[in-house]
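Undergrad: One structure coming up, written as structure tokens, with questions to follow.
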Number of protein chains: 2
Amino acid sequence: MPTAASSQTALPLRERKKRRTREDLIETALRLFDENGFAATTLDELCDAVGVSKRTFFRYFTSKEDVAAAPSQDLWTTFLDQLRTTDPTDRTVIALLHEALLAALAEMPAANWPTRVLLTRRLASETPSMKAHDLYFCHRTTKTALNLLHTRLVLTPQDDLRVHLALDLLLSAFHLAQEAWAAQPTTPTKNDLITHIATVFEAVPQSLTVKAIARP
Amino acid sequence: MPTAASSQTALPLRERKKRRTREDLIETALRLFDENGFAATTLDELCDAVGVSKRTFFRYFTSKEDVAAAPSQDLWTTFLDQLRTTDPTDRTVIALLHEALLAALAEMPAANWPTRVLLTRRLASETPSMKAHDLYFCHRTTKTALNLLHTRLVLTPQDDLRVHLALDLLLSAFHLAQEAWAAQPTTPTKNDLITHIATVFEAVPQSLTVKAIARP
DNA sequence: ACCAAAAGTGCCACTCAGTGGCATAAGCCT
DNA sequence: AGGCTTATGCCACTGAGTGGCACTTTTGGT
């Protein structure tokens, strides 16, 4: 008698268990990091709280930073999936990237994703090693995306350079939008973030033409 | 009787000693990392080789990654200095940044800087934690540069966004140029790097207009 | 239903980066 | 010279991350 509560019954038991421990680890980690700070929380504490050995933790995450960055990584993993499936015709590459990002955002659970990702962002802004980890992950994402686009699009060697720049620009724009999103006075929602992204994207062309005017 | 060998005699003894230890640490670290690999080299080995206690090492560098990234950090520190002194009049911000970067490059010692920085780059490409450290440092540099430009230029809130994008673009362009530089068939010189930077900068406007053409 | 292969977990001992605290030595100033 | 400041060394300690192996759970075939 499968109730509505178990929505993904298609998955085998082992897989469900794994997802559950992974989710438990992320959930508890974010709570502990939030309450006591990232540095002040030890992995032993986290593992005790979840009821898992430290050895097992490192079979799910590569580092202490990694578990805290999970929410933000989910977005970019989904982004890559979208990039694999979105029809690329009749668009500039930058518009394609923008669209794939919006599609990825749409996939994120509207309920708790904003709070989670904002918490991750706050932790990253307070903890250099976390920010570094996040930047590295984004760097990996651009590399993967570039390879992906090469398999799907016709790109000359010159285009490779331009597309790479476009990807870096996307990441940069997203981070700036995220900052504005986190700083806004009202409670940040997913739609707000989409608006901020649009705003930053509109500012991109002007970034090449801003004049330097010396202070008097 | 000050000989030509001691060029900066103006500095007090203590300061000279400090610079020397710092330089020794960087020099030896790069050599050991190059010979045995970053992970395989322990800080104890490095400290033994230089004749310094581990405690002292951490008074010069914040981490193992930090000492290996020193050559690349030198450039960006000099870049910020240039940004403080360059006359900003009659230019776009992006041109100002480009120029400051070239000026910083000019300050680098032509003899060993290329090899050093290429080694650092290779290590970073092989070692995630080093790449992450490097990206974080660049991130800090853009933040500092942005604050700096605010003190020297008249920037509206909208301009802030645009200038931030321009800074990210500069970093992105530099990294792409550096990759091309490292990959070139002939021995990379400082002038080659300058040429690569110019090439990437020229490609920037087109990065916004590349069309996505699906593979057949 | 049973059993063997496979996949996941726990435990233990270990390495090594990084820190705090205090005693000692080296450069500085008059 | 002699006190003052600053840099270094030493030691003990925390905590992240790993290797290895024994143990348990799931799975798939019969």
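The values are calculated or read from the model by the stated rules, or taken from the named source; none is laboratory data. In this text, all values refer to a predicted model and were calculated from it rather than measured experimentally. Neighbour counts run over all protein chains shown; Cβ positions are idealised from the backbone, glycine included. Side chains are part of the model used for accessible areas, which takes the heavy atoms of the whole protein and leaves out ligands, DNA and RNA. Shrake-Rupley method; radii C 1.70, N 1.55, O 1.52, S 1.80 Å.
Undergrad: Enumerate the calculated ³J(HN,Hα) couplings along segment B:38-46 in order (Karplus 6.51 cos²θ - 1.76 cosθ + 1.60, θ = phi - 60°), each rounded to whole Hz, writing x wherever the residue is Gly or Pro.
TA: For segment B:38-46, the Karplus curve yields 5, 5, 6, 9, 8, 5, 4, 4, 4 Hz.
Undergrad: For residue A:150 paired with residue B:85, estimate the spin-label separation in nm (one decimal), with each label point 7 Å from Cα along the Cα-to-Cβ line.
TA: 4.2
Undergrad: Expressed in whole Å with the largest first, what are the equivalent ellipsoid semi-axes of chain B derived from the C-alpha gyration tensor as the square root of 5 times each eigenvalue? Let's see the in-between values first.
TA: On the way: eigenvalues 220, 108, 60 Å².
Largest first, chain B gives 33, 23, 17 Å.
Undergrad: How do B:13, B:30 rank by accessible surface area computed with a 1.4 Å probe, from largest to smallest?
TA: In descending accessible area the options line up as B:13, B:30.
Undergrad: Which listed residue (A:123, A:137, A:200) has the Cα farthest towards the positive end of the charge dipole for chain A, taking +1 on Lys and Arg C-beta and -1 on Asp and Glu C-beta about the Cα centre?
TA: A:137
Undergrad: Given H placed 1.01 Å from N in the peptide plane, which residues other than close sequence neighbours of residue B:108 have an amide H under 5 Å from its amide H?
TA: Placed amide hydrogens put nothing under 5 Å from residue B:108.
Undergrad: Can you compute the charge dipole magnitude of segment A:123-216 about its Cα centre, using +1 on each Lys and Arg Cβ and -1 on each Asp and Glu Cβ, nothing else charged? Give it in debye, rounded to the nearest 20.
TA: In total the dipole reaches around 140 debye.
Undergrad: Sorted from largest to smallest, which semi-axis lengths in Å does the alpha carbon gyration tensor of the protein assembly as shown give for its equivalent ellipsoid, taking the root of 5 times each eigenvalue?
TA: In descending order, the three semi-axes are 38, 30, 21 Å.
Undergrad: Then there's this: When the accessible area of the protein assembly as shown is computed with all protein chains present and a 1.4 Å probe, what percentage of it is carbon and sulfur?
TA: Here carbon and sulfur together make up 54 percent of the probe-accessible area.
Undergrad: Would you tally the net charge around residue A:82, using a Cβ to Cβ cut-off of less than 9 Å, leaving residue A:82 out, and scoring K and R as +1, D and E as -1?
TA: Details: positive: A:84; negative: A:81, A:99, A:107.
Cβ neighbours under 9 Å give a net charge of -2.
Undergrad: Got a sec to turn the phi values of segment A:70-76 into Karplus ³J(HN,Hα) couplings, 6.51 cos²θ - 1.76 cosθ + 1.60 with θ = phi - 60°, whole Hz, x for Gly and Pro?
TA: Per residue, the Karplus-derived 3J(HN,Hα) values read 3, x, 6, 5, 4, 4, 6 Hz.
Undergrad: Which value in Å is the Kirkwood Rh of segment A:14-62 over different Cα pairs? It would help to have the intermediate numbers written out before the result.
TA: On the way: mean 1/r = 0.0914 Å⁻¹.
This gives a value of 10.9 Å.
Undergrad: Oh, and also: Please give the charge dipole size of segment A:14-62, origin at the Cα centre, charges +1 on K and R Cβ atoms and -1 on D and E Cβ atoms. Round to the nearest 20 debye.
TA: Here the size comes out at about 540 debye.
Undergrad: Moving on to the next point. Give, rounded to the nearest 20 debye, the magnitude of the charge dipole that the protein assembly as shown has about its Cα centre when Lys and Arg contribute +1 at Cβ and Asp and Glu contribute -1 at Cβ.
TA: Its charge dipole is roughly 580 debye.
Undergrad: Under a 5 Å amide H to amide H cut-off, with H placed in plane at 1.01 Å, what residues pair with residue A:212 once short-range neighbours are removed?
TA: Residues meeting the criterion, in which the H sits 1.01 Å from N, are B:91, B:92, B:93.
Undergrad: Same structure again: In Å and whole numbers, how far do the C-alpha atoms of segment B:114-166 stretch along each principal axis, longest first?
TA: On the principal axes, segment B:114-166 reaches 41, 21, 14 Å in Cα extent.
Undergrad: Per residue and in cubic angstrom, what volume does the convex hull of the Cα atoms of segment A:58-152 have?
TA: 108
Undergrad: OK, next. Using the basic label-point model (7 angstrom from Cα toward the beta carbon), what is the residue B:182 to residue A:22 distance in nanometres?
TA: Label-label distance for residue B:182 and residue A:22, simple model: 3.0 nm.
Undergrad: Sorted from shortest, what are the nm distances separating the label point of residue B:27 from equivalent points in the other copies, each placed 7 Å from Cα along Cα to C-beta?
TA: Going from nearest to farthest copy, the values are 5.7 nm.
Undergrad: To continue, here is another question. 7 Å along Cα→Cβ for the label point: how many nanometres lie between residue A:59 and each equivalent label in the other copies, listed shortest first?
TA: Label-point separations across copies, in nm and ascending: 4.6.
Undergrad: Something else about it: Counting only residues 5 or more places away or on other chains, whose amide H sits under 5 Å from the amide H of residue A:153 once H atoms are built in the peptide plane?
TA: It is B:215, by chain and number.
Undergrad: How well do other chains shield peptide B:129-141, expressed as the mean number of their Cβ atoms within 10 Å of each residue Cβ?
TA: Details: counts 5, 1, 5, 11, 5, 4, 9, 9, 3, 1, 6, 2, 0.
For this peptide, the per-residue mean of nearby foreign Cβ atoms is 5.
Undergrad: Might you tell me the accessible area per residue for chain B, computed with a 1.4 Å probe and given in Å²?
TA: That works out to 50 Å² for each residue.
Undergrad: Anything over 25 Å Cα to Cα? Flag those among A:143/B:131; A:54/A:131; A:18/A:54; A:211/B:211, in the order listed.
TA: A:211/B:211
Undergrad: Quick one: 3J(HN,Hα) in Hz for segment A:194-203, Karplus 6.51/-1.76/1.60 with θ = phi - 60°, rounded, Gly and Pro as x.
TA: Values, residue by residue: 4, 4, 4, 4, 4, 4, 4, 4, 5, 7 Hz.
Undergrad: Oh, and also: With a point put 7 Å past each Cα toward its Cβ, work out how far residue B:198 is from residue A:122 in nm, to one decimal.
TA: Spacing of the two 7 Å Cα→Cβ label points: 5.0 nm.
Undergrad: Then there is this: Output, in nm with one decimal and in ascending order, the distances from the residue A:186 label point to the matching label points of the other copies (7 Å from Cα along Cα-to-Cβ).
TA: Its label point is 5.9 nm from the equivalent points in the other copies.
Undergrad: Additional query: Whole number please: convex hull volume per residue, Cα atoms of segment B:113-216, in Å³.
TA: Value for segment B:113-216: 167 Å³ per residue.
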